[in-house]
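Reviewing the structure listed below.
The values are calculated or read from the model by the stated rules, or taken from the named source; none is laboratory data. Remember, it's a predicted structure, so these values are computed and weren't measured experimentally. Here the Cβ positions follow ideal geometry from the backbone for every residue, glycine too, while neighbour counts run over all protein chains shown.
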Amino acid sequence: MALDLPQIGFVAGTAVASGLRIYGTVAGLGFLHRIGALQLPGPLEVLAQTPVLVLATVLYVIEFIADKVPIVDTVWDAVHTFIRVPAAAVLGFAVLNDVAEPWRTIAALLSGTIALSTHGLKAGTRLALNTSPEPFTLQLPNLWHLATDLKGTLGDGSSSLDLVQAVHPTAAVAGTPRRVALQVLAVMKATGKSLAELAAGRRGRSVGRLTSDRGQRH
């Protein structure tokens, strides 16, 4: 039997999902087959069996929690480099159960490659974020603030006030993007209207207000 487009899409999608969360992929495929929403090929029907579903779901929950803990998530990704990629290759090979060689082997190789690329992008991005010192948490009275240190080089005739002027008001104070946020703040100051009133006005709606005169709306 020759390859068709749905099979290619299924193999590629499974490979991408495996590179991100292999246990969630296995559990999802098994569950969809179990409820009849998806017909898995013969070799993969084992994914719908209760022991496999339970184990895959438990491992997915563990993976989900590990993903939320810095450093632990990086170690988890490093270990799963040797799990997600081979598992994706096996799934790609098994999906094409009724396809002749060498297409099954090619599908397995491509599935492994796609999973490796997806996994590498995810793990690399996470490693960069975990090793970056910015932003950091700063405890202020009654709140925690995400802070980022900024560094600048002053030219001749410049002072630290020039540096402050260049970065203020920050997004935490004015909003983002800063240029648009400053324009909105200027309009609010000139008109005395709130942001909600300005937004309602742009939609062409009248803005009502409640008064103490019998609660009438004007």
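Of all residues in region 54-77, which are in contact with a Lys or Arg (Cβ under 7 Å, 6 or more places away or on another chain) and closer than 27 Å to residue 6 by Cα? Talk me through it step by step, then tell me what you get.
As a first pass, look at region 54-77 and keep what is in contact with a Lys or Arg (Cβ under 7 Å, 6 or more places away or on another chain): 60, 63, 73-74, 77.
Correct list: 60 only.
Identify the residue in region 73-115 that is part of a helix (DSSP H, G or I) and polar (S, T, N, Q) and, among all such residues, is nearest to residue 125 (Cα to Cα).
Let us first name the residues in region 73-115 that are part of a helix (DSSP H, G or I), namely 73-79, 81-95, 103-115.
With polar (S, T, N, Q) added as a condition, the list becomes 74, 81, 105, 111, 113.
Values: 74: 10, 81: 14, 105: 30, 111: 21, 113: 18 Å.
That would be 74.
Starting from residues that are under 26 Å from residue 127 (Cα atoms) and in contact with a Gly (Cβ under 7 Å, 6 or more places away or on another chain), keep the ones in region 43-68 and report whichever is surrounded by the fewest Cβ atoms within 10 Å (Cβ to Cβ). Write out each step before concluding.
Filtering region 43-68 for residues under 26 Å from residue 127 (Cα atoms) gives 56-68.
Applying the additional criterion that residues be in contact with a Gly (Cβ under 7 Å, 6 or more places away or on another chain) yields 56, 60.
Values: 56: 21, 60: 18.
Filtering region 43-68 for residues that are under 26 Å from residue 127 (Cα atoms) and in contact with a Gly (Cβ under 7 Å, 6 or more places away or on another chain), the one surrounded by the fewest Cβ atoms within 10 Å (Cβ to Cβ) comes out as 60.
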Residue identified as at pLDDT below 70, charged (D, E, K, R) and outside the structural domain of residue 88 (by TED's automatic domain parsing) among 179, 214: 214
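Report yes if residue 27 is touching a residue at least 12 places away in the same chain (Cβ under 8 Å) and more than 30 Å from residue 136 (Cβ to Cβ), otherwise no.
It is true that residue 27 is touching a residue at least 12 places away in the same chain (Cβ under 8 Å) and more than 30 Å from residue 136 (Cβ to Cβ).
Specify which of the listed residues (127, 96) is farther than 22 Å from residue 14 by Cβ and either surrounded by fewer than 16 Cβ atoms within 10 Å (Cβ to Cβ) or at pLDDT below 95 (or both).
Values: 96 fails: farther than 22 Å from residue 14 by Cβ.
Selected residue: 127, the only one of 127, 96 that is farther than 22 Å from residue 14 by Cβ and either surrounded by fewer than 16 Cβ atoms within 10 Å (Cβ to Cβ) or at pLDDT below 95 (or both).
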Out of (1) over 20 Å from the mean Cα position of the chain (by Cα); (2) buried (at least 17 other Cβ atoms within 10 Å of the Cβ); (3) within 30 Å of residue 132 (Cβ to Cβ); (4) not β-branched (Val, Ile, Thr), what's the single condition that is false for residue 82? (2)
Report yes if residue 161 is farther than 30 Å from residue 75 by Cβ, over 25 Å from the mean Cα position of the chain (by Cα) and either assigned to a helix (DSSP H, G or I) or in the same structural domain as residue 74 (by TED's automatic domain parsing) (or both), otherwise no. yes
Hey, any hits in region 38-54 for a residue that's at pLDDT below 95, part of a loop (DSSP other than H, G, I, E, B) and of a type in the set (Gly, Ala, Ser)? no
